[in-house]
1. Count, please, the residues in region 138-193 that happen to be part of a loop (DSSP other than H, G, I, E, B) and touching a helix residue (DSSP H, G or I) at 6+ places or on another chain (Cβ under 7 Å).
2. Just checking, how many residues over region 146-162 are within 10 Å of the chain's Cα centre (by Cα) and crowded, with 23+ Cβ neighbours inside 10 Å?
3. Given the condition modelled with pLDDT of 90 or more and either on the phi > 0 side of the Ramachandran plot or touching a strand residue (DSSP E or B) at 6+ places or on another chain (Cβ under 8 Å) (or both), answer yes or no: does some residue in region 91-109 qualify?
4. May I ask you to say which residue of 109, 52, 125 is outside any loop (DSSP other than H, G, I, E, B) and closer than 24 Å to residue 2 by Cβ?
5. Can you tell me which condition residue 90 does not meet? The list is (1) surrounded by 14 or more Cβ atoms within 10 Å (Cβ to Cβ); (2) more than 22 Å from the chain's Cα centre (by Cα); (3) free of Cβ contacts under 8 Å to residues at least 60 places away in the same chain; (4) in a loop (DSSP other than H, G, I, E, B), and all the others hold.
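The values are calculated or read from the model by the stated rules, or taken from the named source; none is laboratory data. None of the values given here were measured: they were computed from a predicted structure. When we count neighbours, we look across all protein chains shown, and the Cβ atoms used for this are built from the backbone with ideal geometry, even at glycine.
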């Protein structure tokens, strides 16, 4: 991990941009952009718990305002936050299979046809297969920093990435998942293996979301503690108090255990 810039925001939060290079298990993907935010209180003597803030597939530059707002909110509670550019997003090379799936999706929606399982699989699974090892490599690097400790939380969408990470990454202790994206059939099976505490956000009138699929996925999660926080409104109409509820969830689960984990 190479830090490429650093600055202090007006609330004292330290913001560092970085690139993830030559990560084990992530071949031929040099220079993956990321951003790390740490609260002013973070230090080697008092390392901050970490929240992985997964972006939407819009590119970090486009998503920066909402990611930074979430990170600064988390910093108020003493948490560090990190985000990573998703495969095929921003300035990263496009994934040809995904690009074709996006075109097929648009054609189906414009024609008023149901979106087939085959389109959903082609759209989402290549992204999940690439993104999850990259997040794990980023976590390896971030947990070597003396001011970063555990436990670790995960927040955001694409919900299929969060589901896979919750299954394969034991360092993640709790997750806030954003419903609102297509979910492949295989992810429903993986959801049954998830056991960490979950807080799932759902916009009830999300124009691009299959509400019933989101409810079915929530039902499939194997976690003993899982909460569905549903609000009226479209995809971008998440009310401010929903962020407060998510923050309380992380405070409850990431502050409960003082142990520091290292990559």
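1. 10
2. 9
3. Checked region 91-109: at least one residue is modelled with pLDDT of 90 or more and either on the phi > 0 side of the Ramachandran plot or touching a strand residue (DSSP E or B) at 6+ places or on another chain (Cβ under 8 Å) (or both).
4. 52
5. With (1) surrounded by 14 or more Cβ atoms within 10 Å (Cβ to Cβ); (2) more than 22 Å from the chain's Cα centre (by Cα); (3) free of Cβ contacts under 8 Å to residues at least 60 places away in the same chain; (4) in a loop (DSSP other than H, G, I, E, B) applied to residue 90, the lone miss is (2).
Conditions tested, residue by residue: (1) part of a strand (DSSP E or B); (2) exposed (fewer than 12 other Cβ atoms within 10 Å of the Cβ); (3) touching a helix residue (DSSP H, G or I) at 6+ places or on another chain (Cβ under 8 Å).
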{"position": "7", "(1), (2), (3)": "yes, yes, no"}
{"position": "35", "(1), (2), (3)": "yes, no, yes"}
{"position": "66", "(1), (2), (3)": "no, no, no"}
{"position": "75", "(1), (2), (3)": "no, no, no"}
